Amino acid sequence: MSGTTIEGSYGEFGGRFMPEALIAELDRLTAVWHEAMADADFIGEFDRMLREYAGVPSLLYDATRLSEVAGARILLKREDLNHTGAHKIRNVLGQALLAKRMGKTRMIAETGAGQHGVATATAAAYLGLDCVVYMGELDTKRQALNVARMRLLGAEVRAVASGSRTLKDAINEAIRDWVASVEHTAYCFGTAAGPHPFPAMVRDFCRGIGDEARAQCLERTGTLPDVVTACVGGGSNAIGLFTAFLDDADVRIVGFEAGGEGVDTPRHAATITAGEVGVLHGARTYVLQDADGQTIESHSISAGLDYPGVGPEHAHLAKTGRAEYRPITDTEAMDALALLARTEGIICAIESAHAVAGALKLAKEAPGSTILVNLSGRGDKDMETTTTWFGLGDPAETISSEAAR
Amino acid sequence: MSTAKAFAATRAEGRAALVGYLPAGFPTVEGSIEALKAMVDAGCDIIEVGLPYSDPVMDGPTIQAAAHQALEGGVHTTDVLRTVEAVAATGTPTVVMTYWNPIERYGVDRFAADLASAGGAGLITPDLTPDSGPEWIAAADARDLDKIFLIAPSSTDERLAMTTAACRGFVYATAVMGVTGARASTSELAGPLVARARRTLEEQGSDLAIGVGLGVSNGQQAAEVASYADAVIVGSAFVRTLLDAQGDRAVGLAALRALTEDLAGGVRRA
């Protein structure tokens, strides 16, 4: 159902558009990954780390007060409760364990919001690997707290000042590092995008989200949810949730992209909704690009969704119609974030708030349905953005902005 | 006009070819045409016109800066073709060096057709390997365009053979594991890579030329590389002369000429 035909391709999407210098390593990584996934010791060790270190399986939480407001039953998969505060820990523990298996001594990573960087720095500290994280200069400012966390964990954070100074440029810089360091360095890619084997490998390390949630939902409600939803930037948390449900024909799958200031403006990151087929960072997928094929800078209030590409399997699921992808604006996401905080006492990441906002819309369309939302991360890292958005720093301003709502 | 023409000439002279790169639109479209013609005049045997791209993962800071400047200046793919046309008109084989997405966006077959009618010799594709490029291979074959794929020190024997078999014009050997940019010393990985590629080509019954790129910035390095390769490919060092001139056209062109002459002397000294 996932539609993988030739290895690394998802229908017309995916593939490996990379410099020859890296192909031998990508082949080696693919072979070691396959071998590891068939090795009970590797799987056992991965599961043990997730359980004893990362706090997985995460809870499935019946958000009853939010459900009352929404008019549908909303179940939250609490990935925000994982160690480091997001689903990302699953992916990095898997990739770090593979790095050790391959005899690597150093891990590099790109990061947007900083969640993947923090997770990689954490896994590197946990397993004794050197770590360098590339982060767009703009994002280091938006996410200063995460920069400090990475440094505290012993990672070196390199601010990337080229291009749009965001996630895509951090990926470019990490690839440049990797071309020169591939002998001893593993590239711990942060999302289910990029050249083969990353989209499939990251999916497999994250698919516990959906496998757990499916079992938890059956146990809790006796049936499967009507809809499963997640936010989609590159798409690792979404594919991690969706995979378990692909063969459940009755379960609707909806991904929510960053609509920024609106998909009818130039300031958004809704790649599937408004992009066109192209090649970015090693894979054929939907890309925000101009008439000459130059990548267009994306925008989202959430750094983690601020990426002009998307994982190729999502492109395929959209094209085949198995999953739908819809945009959520900055404002809709922030409203949902506040609503969740006030009804449930949960402050989620702005990324995840896109999925919550989407669930509220789906609830209106199908009152009484059961909607499973992947709450992919927690919101501590976003407090500066949130404070500015809601005017929380100034009591007088807060009151007036609430009155305006 | 294939680059084979240039190699026939340089082989007859018993020397390596000098391949010079600049991105189109840097510092302006007219400026890049003028600069590339100056490089032809001063001794480049083959010209590479770079197609500036927003996400150049194989390029170091120097070429990134030039591409960025060209894109800020509003260069389009059609300007690249116009640049090729102007340079190819000098009679010097001219190829385009480009990341893949702009070609796919333009239309692979349409680009091949327009490149051929501009007099371009072919394409160098740093992020497209032959196994990922059947559409380009078909379009190039239909118009006898050069398909210049990269080999790297990390290439396995199988991949090396697959790649050299797919190349036409020449094989582009990346001398280092790294991105573009001038380096203080030449790579010790390049010689063995060229030797491996040479053996592979012999087994394939081919005498295809092998060019070495990444890191060469002066005549002495060019002479070293020319002692074992059929072409010495220089990019960042040329770009650097124009960046350093900071918009002073006469200073930039003079520096470009001087560097070309130094490098052209190098490939003749080997």
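The values are calculated or read from the model by the stated rules, or taken from the named source; none is laboratory data. Note that this is a predicted model, so its numbers are computed, not measured. Here Cβ is always computed from backbone atoms with ideal geometry, including for glycine, and neighbour counts include all displayed protein chains. Side chains are part of the model used for accessible areas, which takes the heavy atoms of the whole protein and leaves out ligands, DNA and RNA. Shrake-Rupley method; radii C 1.70, N 1.55, O 1.52, S 1.80 Å.
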Report the residue, chosen from A:Thr221, A:Thr105, A:Thr30, that carries the largest GNM mean-square fluctuation when chain A is represented by alpha-carbon nodes joined by springs under 10 Å.
A:Thr221
Ignoring everything except DSSP H segments at least 4 long, calculate the 222 nm mean residue ellipticity for chain B; use -39,500 (n - 2.57) per segment, divide by total residues, nearest 500.
-15000 deg cm²/dmol
Charge dipole magnitude, Cβ of K and R +1, D and E -1 - the range B:27-105, Cα centre, debye nearest 20:
80 debye
Provide, for q = 0.20, 0.32 Å⁻¹, the log10 of I(q)/I(0) from a solvent-free Debye sum over equal Cα point scatterers in the range A:38-80.
-0.67, -0.99
Flagged links, alpha-carbon separation over 18 Å, of B:Lys5/B:Lys147; A:Lys77/A:Lys141; A:Lys88/A:Lys381:
A:Lys77/A:Lys141
Using just the alpha carbons, could you tell me how many Å³ per residue the convex hull of the range B:4-265 encloses?
109 Å³
The range A:314-367 and the range A:183-212 have their Cα centres apart by a whole-number Å value of 23 Å
Could you work out the relative contact order of the range B:4-265? I mean the mean sequence separation of Cα pairs under 8 Å and 6+ apart, divided by the number of residues, in percent.
21 percent
Buried by partner chains in the range B:163-185 (accessible area down by at least 10 Å² vs chain alone, 1.4 Å probe, heavy atoms, protein only) are B:Met177, B:Gly178, B:Val179
Rounded to the nearest 20 debye, dipole of the range A:76-225 from Cβ charges on Lys, Arg, Asp, Glu:
180 debye
In Å², and per residue, what accessible area does the protein assembly as shown have when probed at 1.4 Å with the other protein chains present?
34 Å²
Options B:Ala222, B:Ala245, B:Ile148, ranked by Cα towards positive dipole end of the range B:4-265, top entry (Cβ charges):
B:Ala222
Residues of the range A:268-288 with accessible area at least 50 Å² lower in the all-protein-chain context than alone (1.4 Å probe)?
A:Val279
Can you compute the modelled spin-label distance between A:Asp47 and A:Val277, with each label point 7 Å from Cα toward Cβ, in nm?
4.0 nm
Quick check for me: using +1 on Lys/Arg Cβ and -1 on Asp/Glu Cβ, what's the dipole size of chain A about its Cα centre, in debye to the nearest 20?
520 debye
Probe 1.4 Å, protein heavy atoms only: A and B together bury a total accessible area in Å², to the nearest 100, of 2700 Å²
Expressed as a whole percentage, what fraction of the accessible surface of the protein assembly as shown belongs to carbon and sulfur atoms when a 1.4 Å probe is rolled over the protein heavy atoms?
52 percent
Counting alpha carbon pairs within less than 8 Å and at least 6 residues apart, what relative contact order, in whole percent, applies to chain A?
19 percent
Along the Cα→Cβ direction, 7 angstrom out, place labels at A:Met37 and B:Ser206. What is the inter-label distance in nm?
3.4 nm
Taking all protein chains together and a probe of 1.4 Å, list B:Met162, A:Met150 from the most accessible to the least accessible.
B:Met162, A:Met150
